[in-house]
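Asks: First the structure, then my questions, so here it is.
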Amino acid sequence: MTGEERILVTSALPYANGPLHIGHAIGAYIPADVYVRYHRMKGTDIIYVSGTDEHGTPIAVTADNENITPQQVVDKYHKQIKETFQKLNISFDNFSRTTEKTHHQLSQQIFLKIKEKNHLYKKTVQRPYCSTCKRFLPDRYVKGICPFCDAVDQRGDQCEVCGKQLEPHELKQRYCTICHGTPIMKDTTHWFFKLKQYNHKLEDWITSNKHWPDNARNFSLGWLREGLEDRAITRDLSWGIPVPVNGSEEKVLYVWFDAPIGYISSTIEWAERQKKPDLWKRYWKQKETRIVHFIGKDNIPFHAIIWPAMLMAEGSYNLPWQISSNEYLNLEGKKMSTSRGWVIWLHEILDEWPADYLRYYLICINPAKHDTDFSLKDYQHHINHELIATLGNFIHRTLTFIEKNNKSIIPEPGEMEELDEQAIREIQKAVKETGENIEDFRFSQALQSMMHLAHKGNEYFQHKEPWKKENNTTLYVCANMVKTLAVLMKPFMPASSKETLKMLGLTNEPGWGEAGELSIKGGHRLGEIRPLYSKIEDDEITSFRNKNLKKEHEVDEMSNISFEKFKEMDLRIAKIVDVRDHPNADKLYLLKCDLGGSVKQLVAGIKDDYPQENLLGKQVVVLTNLEPAKIRGEKSEGMILAADEGGKPILLQPDKETTPGARVR
Ligand SMILES: [Zn+2]
Ligand SMILES: [Zn+2]
């Protein structure tokens, strides 16, 4: 990069259909905020935009279910999400919404430009239509079996199990989510984006982006190798941005076409608020801007493939420079699930403890390269035994010592000895390493570099024993170390930084460039000293857990069913008479089960846990009237019952030898 550095940072637009949880926070927001705060302190020309994504079928579905309008849904969640970000101290320069007029106009403009440049075409296709509800069923209005992995009850836009992008008509055994009826296929005309033609161009571009994280590169290159298909970018839906073409007024733009354009419209809105309405072009149109998208890994396909292809087709905007895509955060060893209530909501944890505690812990366990686990015990441990015991302790002991023994005045340093010189070198090292790690998107390592200095500070204080002999140099160096820490911690823990600077009696916030300077001179007076943090007690964790986290067995709690419903299940004792490997799947067996009068074939995913020889002759319980299905090409005529012990199957067996075919009730 030549000349001045210029960066535009975006965080994935949160979907205005529910509150945010801790996984969202570390997925796309806290890392971005650290990156942006650091660059601002360095004096980089940087802006940070986002906003709520307010279109699409999930919002329309929520509105239908709650009998309110989609606008009411998004108004409610936009407000709540914005407040949560304020509590979490996320420092957006602009936080917009995709229902704004600016955004509608820009999305339509971009659609028309791409159309003029001949990258769109109209095609009549068959799409699911519900005759009962008298409407087409786009995206999440349809559920069914995933055509790729056979997972049941998957939504028409994406399979939650295998992660594949879907179109509703690709689902098997699909049903209408409004009335549960079976949709018919009906002709409808849609606009398609010629995505296929970008296959090679995208491949060259992504291959050249060697600085991308592995997950974004590998996933998108893998998808390109499979080959791209043209994609419909319009939907038969009333909630969304109307397609600006005569004859298509009844249709709206697909939410994933308009959502990323929200990054641009949020920047335009920011420029307007600055009273410099053209300033946004500096970031989106002038070359040599680095556009950095922070997203969770589920958003990789759209940010690495479809969005850049749209921008290439339009032709006048900058392409993304970096895609920082985090893996998932699990909760207490299990995948988070909003539908099952296994989740910690941000507004709940932020009501309990300071935002800096959560920011600190989440950055420690940042799932940059692989999934990581959030546990309340581990959270408490990190706060009490690292943040407080190392960082809080060093700051507090240094400042209270100067307060008590030197009337809050920083002493003039004397001659430096080797230990003092070493401590000063640690200051320089921490400044350099923390900054480099942030610039290279290694956020937990950056935090460690900062914490390492606090650790070294404690060691230095301990070795120099200022309580035994008068030691002006030690106190002078320690006070400057505290100042360095106050600067370095700001991107991670802005509130703690502010408080520490106040205790140091500094009124101007130093920039990153001053972090390593010994700028606190002899004679300077400290402010009022207070403990920076207070420990998290065991009972706080217990009461938070009881209040906000369902107990494990409650997570799967279901609603009551009638005895009639139970009787509909034909459960039988069966004897396994044959076990073979599934020809097309590593983890599956083909089992032949003797049910007395008949033998049925079942496909069972128990290969990792039961060797063939342990199954042969075993008596088990089988649900025999489950709708037959083909699983990876082999028919399965029922289901073998097993307990789920942390994801491992444990087969159910009768207490004693039973006649095959005996009913279970
Ligand atoms: Zn799937
Ligand atoms: Zn219906």
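The values are calculated or read from the model by the stated rules, or taken from the named source; none is laboratory data. Everything numeric in this text was worked out from a predicted model, so none of it was measured. Every residue, glycine among them, receives a Cβ derived from its backbone with ideal geometry; neighbour counts consider all protein chains shown. All accessible areas refer to the heavy atoms of the entire protein, side chains included, with ligands and DNA or RNA removed. Shrake-Rupley method; radii C 1.70, N 1.55, O 1.52, S 1.80 Å.
Asks: Inside the range 240-273, can you point out the residues that are buried (at least 21 other Cβ atoms within 10 Å of the Cβ) and either assigned to a loop (DSSP other than H, G, I, E, B) or basic (Lys, Arg) (or both)?
Replies: GLY240, ILE241, VAL243, LYS251, TYR254, ALA259, PRO260
Asks: Here's a follow-up. Mind listing whichever residues of the range 182-195 are open to solvent by less than 20 Å² (accessible area, probe 1.4 Å) and either within 14 Å of TYR129 (Cβ to Cβ) or within 16 Å of ligand 1 (Cβ to nearest atom) (or both)?
Replies: PRO183, THR188, HIS190
Asks: Quick check on this structure: which one of GLU415, GLU403, GLU421 is modelled with pLDDT under 95 and more than 30 Å from ILE7 (Cα to Cα)?
Replies: GLU415 is the lone residue from the list that is modelled with pLDDT under 95 and more than 30 Å from ILE7 (Cα to Cα).
Asks: Got at least one residue in the range 274-283 being part of a strand (DSSP E or B), at pLDDT 95 or above, buried (at least 21 other Cβ atoms within 10 Å of the Cβ) and touching a helix residue (DSSP H, G or I) at 6+ places or on another chain (Cβ under 6 Å)?
Replies: Looking through the range 274-283, none of the residues is part of a strand (DSSP E or B), at pLDDT 95 or above, buried (at least 21 other Cβ atoms within 10 Å of the Cβ) and touching a helix residue (DSSP H, G or I) at 6+ places or on another chain (Cβ under 6 Å).
Asks: I've got another one for you. Find the helices (runs of 4 or more DSSP H) located wholly in the range 365-467 whose residues include 2 or more that are within 22 Å of the chain's Cα centre (by Cα), and list them.
Replies: Once the helices (runs of 4 or more DSSP H) in the range 365-467 are filtered for at least 2 residues that are within 22 Å of the chain's Cα centre (by Cα), what remains is 376-382, 418-439, 443-464.
Asks: Confirm whether ALA574 is closer than 16 Å to VAL664 by Cβ and open to solvent by less than 20 Å² (accessible area, probe 1.4 Å).
Replies: Judged against the criteria, ALA574 is a match.
Asks: Same structure again: Output yes when any residue across the range 108-119 is open to solvent by less than 60 Å² (accessible area, probe 1.4 Å), among the β-branched types (Val, Ile, Thr) and within 16 Å of ligand 1 (Cβ to nearest atom), and no when none is.
Replies: Looking through the range 108-119, none of the residues is open to solvent by less than 60 Å² (accessible area, probe 1.4 Å), among the β-branched types (Val, Ile, Thr) and within 16 Å of ligand 1 (Cβ to nearest atom).
Asks: Would you mind stating whether GLN619 is open to solvent by less than 80 Å² (accessible area, probe 1.4 Å) and not β-branched (Val, Ile, Thr)?
Replies: So GLN619 fits the description; yes.
Asks: Separate question: Can you pull out the residues in the range 329-351 that are open to solvent by 30 Å² or more (accessible area, probe 1.4 Å) and in a strand (DSSP E or B)?
Replies: ASN330, LYS334, TRP345
Asks: Report whether or not LEU501 is in the same structural domain as GLY392 (by TED's automatic domain parsing) and modelled with pLDDT of 90 or more.
Replies: Against the criterion (in the same structural domain as GLY392 (by TED's automatic domain parsing) and modelled with pLDDT of 90 or more), LEU501 qualifies.
Asks: All but one of (1) in a helix (DSSP H, G or I); (2) within 16 Å of ligand 2 (Cβ to nearest atom); (3) free of Cβ contacts under 8 Å to residues at least 24 places away in the same chain hold for HIS200; state the number of the condition that does not hold.
Replies: Result: HIS200 fails condition (2) only.
Asks: Is it the case, given these coordinates, that LYS550 is of a type in the set (Lys, Arg) and at pLDDT below 95?
Replies: yes
Asks: Right, another one. Which pairs turn up if I take residues in the range 35-64 that are under 17 Å from ILE295 (Cα atoms) and open to solvent by 10 Å² or more (accessible area, probe 1.4 Å) and look for partners that are modelled with pLDDT under 95 and in a loop (DSSP other than H, G, I, E, B) with beta carbon separation below 9 Å, at least 6 apart in sequence or on another chain?
Replies: Listed pairs, sorted by first residue: ASP53/ASN17.
Asks: Among the residues of the range 315-338, are any under 28 Å from GLY227 (Cβ atoms) and of a type in the set (A, V, I, L, M)?
Replies: Yes, that holds for at least one residue.
Asks: Follow-up question, since we're still on this one. Among the residues of the range 355-381, which ones are hydroxyl-bearing (Ser, Thr, Tyr) and either in the same structural domain as GLY23 (by TED's automatic domain parsing) or under 17 Å from LYS335 (Cα atoms) (or both)?
Replies: Scanning the range 355-381 gives THR372, SER375.
Asks: Restricting the search to the range 141-155, which residues are closer than 23 Å to ASP64 by Cβ and either away from ligand 1 (no atom under 12 Å from the Cβ) or open to solvent by 30 Å² or more (accessible area, probe 1.4 Å) (or both)?
Replies: TYR141, VAL142, LYS143, VAL152, ASP153, ARG155
Asks: Another question about this same structure. Any idea which of (1) at pLDDT 90 or above; (2) assigned to a loop (DSSP other than H, G, I, E, B); (3) surrounded by fewer than 21 Cβ atoms within 10 Å (Cβ to Cβ) is the one PHE92 doesn't satisfy?
Replies: (3)
Asks: Are any of the residues in the range 425-432 in contact with an Asp or Glu (Cβ under 7 Å, 6 or more places away or on another chain), more than 24 Å from GLY523 (Cβ to Cβ), open to solvent by less than 20 Å² (accessible area, probe 1.4 Å) and not assigned by TED's automatic domain parsing to the domain that holds MET41?
Replies: Checking the range 425-432: not a single residue is in contact with an Asp or Glu (Cβ under 7 Å, 6 or more places away or on another chain), more than 24 Å from GLY523 (Cβ to Cβ), open to solvent by less than 20 Å² (accessible area, probe 1.4 Å) and not assigned by TED's automatic domain parsing to the domain that holds MET41.
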